[in-house]
Amino acid sequence: MTLSSPAVIATPTSHPRITAIHPYAVWVGGRNQLIVKVETDTGIYGWGESGLSGREKAVMGALEHFAEILVGENAFEIGALWQRLYRSQYFEGGRVLQAAISAIDIALHDIKGKALGVPVYQLLGGKHRDHVPTFASTASTRFDTTLGQAQSLADRGWTCIRIFPDLSDLSTFEPRDHIGPTAAMCRDVRAALGEDITLGIDWHHRLSVAEAASFCQRLPSGTLDFLEEPIRDETPEAYEALRRMTNIPFAIGEEFSSKWDFRPYIERDIHQFNRVDVCNVGGLTEAVKVAAMSEAHYVDVMPHNPLGPICTAASVHLGIAVPNFSWLEVRVESDGIYALDPAEDLFPVQQTLNGIVYDRPEGVGLGVEVNEDHAKELSFKFWNAPMLRRRDGSVTNW
């Protein structure tokens, strides 16, 4: 019996070493985007993005610290570098540091994909699907426009649609006043769009447990397919209490900044959709681990994607590479609602929708390029999310 010789696999003669990290916090459309370039001694570079909107300056400070650790390191050792950054101080983790790690991690995947001549999803285990399904959203402005916007999205082909409560008042929000009208709006949208549409609502953690329960009790069974972020997420026990009072699937996790944040929700079967954000959770390295933990409990990944083309591209590669995937959030132009500025001058190469899906990327790396000269021309603007108060003057959530 003759055994054939093993195939010889070509490998790079030297791995790229990190030489510099350049963050750009720039105003694009209606918010800042913090995009990060990681350069190497081979001339190959990668782009990443941070997701901590409204606190970009804090993340840039963290990136300055991390540059001192990273310069000179092997850019291919993505997992080890993740651990080094996470453990580089006694006080591990946190949203600021994880947002910085996220941007670097995504950029390192971009570098490695380019160096090896493969798309990033190949670095994550290869493809599970040929395209990434998406869901689209109506605006978060007025009750009287939601039905028309939802119908417009359905007419354009979307089969998963998310709606919002009325947020036309950006100074005052009284939760109890919104429960009845929002429930009526949900019933109207379901009746108009029919049973074949997957319908969800994002409360953006504006309710208490009692208020969220009151809202759910006003909905006939089958009205909603998912309830996103109805309450704040610091206390899993609070979500467990709400779980006992409703059978609507929960979509939670866009604020989580590590697999440890997701762990109690996954292990205690509290929720059904993980709103993992690759630009906040710790990049693709951590997002893949969250997806694997979720798969063991039959929880689907439903990525948060409110930023720019780099976040979108990283999320598309994640969606191609993990088995337990539902929909990717997408912001689209439909009657002027919830649209993302494509910023083609800044991102001349980026992922684009094919109808209601993103096709599997064919190029190397992330598949996004940045006009760095234009980035240098753009400015940063200080911005805060609406700081809502109740009528009695107390602070409430946006």
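Using θ = phi - 60° and the Karplus form 6.51 cos²θ - 1.76 cosθ + 1.60, what ³J(HN,Hα) does each residue of region 282-292 get, whole Hz, x for Gly and Pro?
Karplus values, whole Hz, x for Gly and Pro: x, x, 5, 4, 7, 4, 5, 5, 4, 4, 5.
Go ahead and estimate [θ] at 222 nm for the chain from helices alone: -39,500 (n - 2.57) per DSSP H run with n ≥ 4, summed, over the residue count, rounded to 500.
-11000 deg cm²/dmol
Antiparallel versus total DSSP beta bridges in the chain: what percent is that, nearest 5?
Counting DSSP beta bridges with both partners in the chain, the antiparallel share is about 55 percent.
Taking Cα atoms, how many degrees apart are the long axis of helix 309-321 and the longest axis of the chain, rounded to 10 and kept between 0 and 90?
80 degrees
Quick one: 3J(HN,Hα) in Hz for region 169-174, Karplus 6.51/-1.76/1.60 with θ = phi - 60°, rounded, Gly and Pro as x.
Per residue, the Karplus-derived 3J(HN,Hα) values read 9, 9, 10, 10, 9, 10 Hz.
For ARG275, ARG218, ARG84, what's the largest-to-smallest order of accessible area, 1.4 Å probe?
Accessible-area ranking of ARG275, ARG218, ARG84, largest first: ARG84, ARG218, ARG275.
Could you put PHE135, PHE143, PHE273 in order of accessible surface area, largest first, with the 1.4 Å probe and the full protein assembly present?
PHE143, PHE273, PHE135
Pop the C-beta distance of ALA191 and ARG243 into the FRET formula with R0 = 22 Å and round what comes out to the nearest 0.05.
FRET efficiency, ALA191 to ARG243: 0.25.
Roughly how many percent of the accessible protein surface of region 251-378 is carbon and sulfur, given a 1.4 Å probe and a whole-percent answer?
Looking at region 251-378 in its full context, I get 47 percent from C and S.
Measure off 7 Å from each Cα along the Cα-to-Cβ vector at ASP41 and GLU369, then give the distance between these two points in nanometres to one decimal.
Taking the simple label geometry, ASP41 and GLU369 are separated by 2.7 nm.
Output wanted: per-residue J couplings in Hz (rounded whole) for region 202-208, from phi through Karplus 6.51 cos²θ - 1.76 cosθ + 1.60, θ = phi - 60°, x for Gly and Pro.
Values, residue by residue: 10, 8, 6, 6, 8, 10, 8 Hz.
Tell me the per residue accessible area of region 234-318 using a 1.4 Å probe; a whole number in Å² is fine.
Accessible area per residue: 30 Å².
How much length would be gained if the chain were fully extended between SER221 and ARG55, taking 0.36 nm per residue of separation minus their Cα-Cα distance, in nm to one decimal?
Gain on stretching SER221 to ARG55: 55.8 nm.
How far is the Cα center of region 269-310 from the Cα center of region 107-175, in Å?
Centre-to-centre distance over Cα atoms comes out at 13 Å.
Order LYS37, LYS127, LYS114, LYS289, most accessible first, counting only protein heavy atoms with a 1.4 angstrom probe.
LYS127, LYS289, LYS114, LYS37
Which of the pairs LYS112/LYS259; LYS57/LYS112; LYS37/LYS57; LYS112/LYS381; LYS57/LYS127; LYS114/LYS381 have their Cα atoms more than 26 Å apart in this structure?
Pairs exceeding 26 Å: LYS57/LYS112; LYS112/LYS381; LYS57/LYS127; LYS114/LYS381.
Based on alpha-carbon centroids, what's the gap between region 18-45 and region 368-386 in Å, whole number please?
About 10 Å separates the Cα centre of region 18-45 from the one of region 368-386.
The values are calculated or read from the model by the stated rules, or taken from the named source; none is laboratory data. Quick caveat: nothing in here was measured; it's all calculated off a predicted structure. All Cβ positions, glycine included, derive from the backbone under ideal geometry; neighbour counts span all protein chains shown. What goes into the accessible areas is simple: the full protein's heavy atoms, side chains included, and nothing from ligands, DNA or RNA. Shrake-Rupley method; radii C 1.70, N 1.55, O 1.52, S 1.80 Å.
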